[in-house]
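Written out below as structure tokens is the structure these notes cover.
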Amino acid sequence: MTKLAINPNPPVTLPIDGTDARFPVAQIYCVGRNYADHAIEMGHNPDREAPFFFMKPRFSVLPEGGNMSYPALTHDLHHEVELVVALAEGGRNVSIDDAVSMIFGYSVGIDFTRRDLQGEAKEKGRPWEAGKTFVHSAPLVPIVP
């Protein structure tokens, strides 16, 4: 067994509706500009720009019943309601049929964004993780298998 120099963070898990089991969160992948009305609201043309992907760290998860404090460094906190797809297994370049068979269940979440920090980063041509990745920026309800 590998000896670790420090203790790892505890796993992040979510309740599974109708059971005592928990779902382990390994990665959080998000899709941007996948909703035409929101793309227009943000000043983009959804017919010309393909959706893109970004990640949130596991510490972004706020399980149902948890409390979220207003995040530091922002005066412009936005929210978007999201459909969350929980995958039972990962993969790369899989077909649509294979992708569907990888789904464990679904949840509903909120993607909080510190829009002012995100905008400043975009203006400077920098990555905008500071606007998206902060503690409890992704509240989720239990997963429905």
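Where a number appears in this text, it was derived from the coordinates with a stated rule and is not lab data. Source: prediction; values computed, not measured. Ideal geometry is used to build each Cβ from the backbone, glycine not excepted, and the neighbour counts take in all protein chains shown.
Data table
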{"quantity": "For the stretch 16-145, size of Cβ-based charge dipole, Lys and Arg +1, Asp and Glu -1, in debye", "calculated": "480"}
{"quantity": "Low-density loop positions, GluC sites (Glu not before Pro), the stretch 69-145 - DSSP coil, at most 16 other Cβ in 10 Å", "calculated": "E89"}
{"quantity": "Förster radius 22 Å - calculated FRET efficiency between A26 and K122, Cβ distance, rounded to 0.05", "calculated": "0.20"}
{"quantity": "Gyration tensor over alpha-carbon atoms, the stretch 47-98, equivalent ellipsoid semi-axes in Å", "calculated": "28, 18, 11"}
{"quantity": "FRET efficiency, N9 to Y70 (Cβ-Cβ, R0 22 Å, nearest 0.05)", "calculated": "0.40"}
{"quantity": "Percentage, to the nearest whole number, of Cα pairs in the stretch 13-139 over 27 Å apart", "calculated": "25"}
{"quantity": "Antiparallel DSSP beta bridges within the chain, percent to nearest 5", "calculated": "90"}
{"quantity": "Added length on full extension, which subtracts the Cα-Cα distance from 0.36 nm per residue, F104 to A88", "calculated": "5.3 nm"}
{"quantity": "Neighbour-count ranking [beta-carbon atoms within 10 angstrom, fewest first] of Y106, Y29, Y70", "calculated": "Y70, Y29, Y106"}
{"quantity": "Straight-distance crosslink candidates among lysines, where the alpha carbon sits under 18 Å from K122 and sequence neighbours closer than 8 are dropped", "calculated": "K56, K132"}
